[in-house]
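Novice: Sharing a structure, written as structure tokens. Questions coming.
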Amino acid sequence: EHIAWPILVAWTFFLGALGTLLAIPMKRNMINQERLKFPSGTAAATTLQSLFSEGMEAAKKAKALLWSAIGGAVFPVLIEFNFVKEKVVDQATGAVEWTRSALLPADSAIFDWLPARGTQIVDGQEVAFKPSEWTMVMDHNPVMIAAGALVGMRVAIYMTLGALLLIYGVGPEAYLWTWTSPDGEELRAASQPYRAWKEIGIWLGVPIMVSSGLLSFAFQYKTILRAFTGLRGGTTDQGELEAVIQRTEVPFSWFIWGSLLAGLGVVTVAQVYFEVPFMYGILAVVMTFALALVACRATGETDITPVGAMGKIMQLTYGVLIPQSTTANLMTASITASSAGSAADLLNDLKSGYLLGANPRRQFMAQFAGIFSGTIATVVGFYLLVPDATALNGIGGKAPEFPAPAAQAWRAVAEVFQMGLDNMHPMHRQAIGWGLAIGVVLLLLEKAMPKAKKYLPSATGIGLGLILPFQYPLSMLIGATIAWAWTRKNKKQCEEYLVPIAAGIIAGISLMGVLGAVLNTLVFTT
């Protein structure tokens, strides 16, 4: 059943506002102090700089950006636009269905010559798994290669190592366990290893990022205190730079009052319509700040915002607190996912402004104004594209128009936690404990040996490697390696052209990808 539109409007607006406001105290820490990369924000700044700069060097960079954007735009046309219409005949019933596909596949199983762990029974015979069945494939979309060139070698290497650990270590062990369904039926992890990969990776990778991210934030307590006290107003003896900061940074009072109002709106809607008791709603908003902090740090370091993974932590929490309600479980998780996404978006924008010398207070006001139009677009678009449940669930054996795989995964987790934490598999609980401990150890190593930081394991890299399909870490490693090799060969040339070229590829693929999504929905239909 559809949520009534006034409720959906209120829910969407308050979540967007809360996420945007949560970015205020993170900006000084992640952008001003730590100078995290925020690759998409950096790419956007480079694009703007190339478009509006003058001079021969600027013209060369703009030309490099333009040609790389054109080159990047070719890939979505080949692998995402559903140009090809095919007829499929059911051999048993003779029923005819029409399907749509792209000109080329999105990935290729080029690693299937390598060995893989695990076996399955096919037609009574034991058959070894292929690496591609563990998501070990090559992605044909170069957008993550471009992002990897901006991210750097350390994070990319450890993302790939985390992915390999999942494929050859943790995942196969999870597959061998016997799992119990909610109705008490015992079964193997899955008929395919993909299920075991998703089931175990998230519960090991996310705790690594959570414990490391929160502890890192705690170590920045001096910066946090300065952000809390400095934005309330300056003294007459401040330096000129600090006075400028006071005039341009977003006042901390906006965060306090805005978060109180937006948080109250979220808590009220959650209690009245989504079965979340008032105090539990307040807890969800407080937890959202912590989890959004972790998600935004991942965005700053890798350009990937793991909103779904952070939502799973909230689902776990409310699976314990309110185990009987799948509605409360899902909607508290959506508080975290939506707010983290909004906060990460704003921080990307603020990173662009920081590089270009823009006024962060005006940027924030523009972003906040966008919540109003964004809410209207989201609600109207949802009702138009999903007139009823068949668009998401299908009907009469027919595949749904929008399978919404992430939403299906959230629903499955909510159903598991309907019986409380005891219904969670013992291996999941062990993985959470190990993940929290590993994240703490990795962060303490960084603090103990700051000069060796670039050689130490990256908690964000390992954590993301454990929750992402292998092709993404691999693509980022390829991009980071290209950037490293280019730097070794011609450092000056690389510094001048790496960001414009990477930014152009990202921009070209992104813009053409949006066009493809629209055409696939409205034109290339079955």
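Novice: Can you find even one residue in segment 441-457 that is touching a residue at least 12 places away in the same chain (Cβ under 8 Å), closer than 25 Å to W177 by Cβ and either aliphatic (A, V, I, L, M) or surrounded by fewer than 21 Cβ atoms within 10 Å (Cβ to Cβ) (or both)?
Specialist: no
Novice: Six or more apart or on different chains, Cβ under 7 Å: which pairs go from a residue in segment 153-176 that's in contact (Cβ under 8 Å) with a residue 40 or more places away in the chain to one that's in a helix (DSSP H, G or I) and open to solvent by 60 Å² or more (accessible area, probe 1.4 Å)? Could you list them?
Specialist: Final answer for the pair search is M153/W484; R154/K454.
Novice: Which ranges mark the helices (runs of 4 or more DSSP H) fully within segment 1-97 that have 2 or more residues being closer than 15 Å to D349 by Cα, open to solvent by 30 Å² or more (accessible area, probe 1.4 Å) and modelled with pLDDT under 85? Please lay out each step first, then the result.
Specialist: Details: elements: 5-27, 39-52, 56-79.
The helices (runs of 4 or more DSSP H) meeting that bar are 39-52.
Novice: Only one of G308, G357 is open to solvent by 10 Å² or more (accessible area, probe 1.4 Å), small (G, A, S) and closer than 17 Å to M30 by Cα. Can you tell me which?
Specialist: Of the residues listed, the single one that is open to solvent by 10 Å² or more (accessible area, probe 1.4 Å), small (G, A, S) and closer than 17 Å to M30 by Cα is G357.
Novice: List pairs: first residue in segment 103-128 and over 27 Å from E80 (Cα atoms), second residue among the basic types (K, R) and surrounded by 14 or more Cβ atoms within 10 Å (Cβ to Cβ) anywhere in the structure, Cβ distance under 7 angstrom, at least six positions apart or on different chains.
Specialist: What qualifies is A116/K130.
Novice: Turning to a different aspect of this structure: Between residues in segment 483-502 that are within 22 Å of A44 (Cα to Cα) and residues that are of a type in the set (S, T, Y) and crowded, with 17+ Cβ neighbours inside 10 Å, which pairs lie under 7 Å by C-beta distance while being six or more apart or on different chains?
Specialist: Going by the 7 Å Cβ cut-off, the qualifying pairs are V499/T42; V499/T46; P500/T46; P500/S50; I501/S68.
Novice: Another question, then. Among the residues that make up segment 270-283, is at least one of them crowded, with 24+ Cβ neighbours inside 10 Å and under 14 Å from the mean Cα position of the chain (by Cα)?
Specialist: no
Novice: From the list L355, L392, L385, which residue is of a type in the set (A, V, I, L, M) and within 17 Å of D303 (Cβ to Cβ)?
Specialist: L355
Novice: Answer yes if at least one residue in segment 330-345 is at pLDDT below 85, within 20 Å of the chain's Cα centre (by Cα) and not polar (S, T, N, Q), and no otherwise.
Specialist: no
Novice: Would you point out the residue of segment 456-503, among those that are polar (S, T, N, Q) and part of a loop (DSSP other than H, G, I, E, B), that is nearest to the chain's Cα centre (by Cα)? Give the steps one after another, and end with the answer.
Specialist: Step one: list which residues in segment 456-503 are polar (S, T, N, Q), which gives 458, 460, 471, 475, 481, 487, 490, 493.
Still in the running and part of a loop (DSSP other than H, G, I, E, B): 458, 490.
On the way: S458: 17, N490: 33 Å.
Applying the filter and picking the extreme gives S458.
Novice: Might you let me know whether segment 79-94 holds any residue that is over 24 Å from N520 (Cβ atoms) and in contact (Cβ under 8 Å) with a residue 12 or more places away in the chain?
Specialist: No, that holds for no residue.
Novice: Can you tell me which of M310, M365 is over 18 Å from A10 (Cα atoms), without any contact (Cβ under 8 Å) to a residue 60 or more places away in the chain, out of contact with any His (no Cβ under 6 Å at 6 or more places or on another chain) and not basic (K, R)? Before the answer, list the steps.
Specialist: Working: M310 fails: without any contact (Cβ under 8 Å) to a residue 60 or more places away in the chain.
Only one candidate qualifies: M365.
Novice: Looking for something open to solvent by 50 Å² or more (accessible area, probe 1.4 Å), in contact with a helix residue (DSSP H, G or I) (Cβ under 9 Å, 6 or more places away or on another chain), closer than 30 Å to S132 by Cβ and of a type in the set (S, T, N, Q) - is there at least one such residue anywhere in segment 472-495?
Specialist: yes
The values are calculated or read from the model by the stated rules, or taken from the named source; none is laboratory data. Model, not experiment: these values are computed from the prediction. Quick reminder, even Gly has a Cβ in these numbers, built from the backbone with ideal geometry, and neighbours come from all protein chains shown. When the accessible area is computed, the model is the full protein with side chains, heavy atoms only, and any ligands, DNA or RNA have been set aside. Shrake-Rupley method; radii C 1.70, N 1.55, O 1.52, S 1.80 Å.
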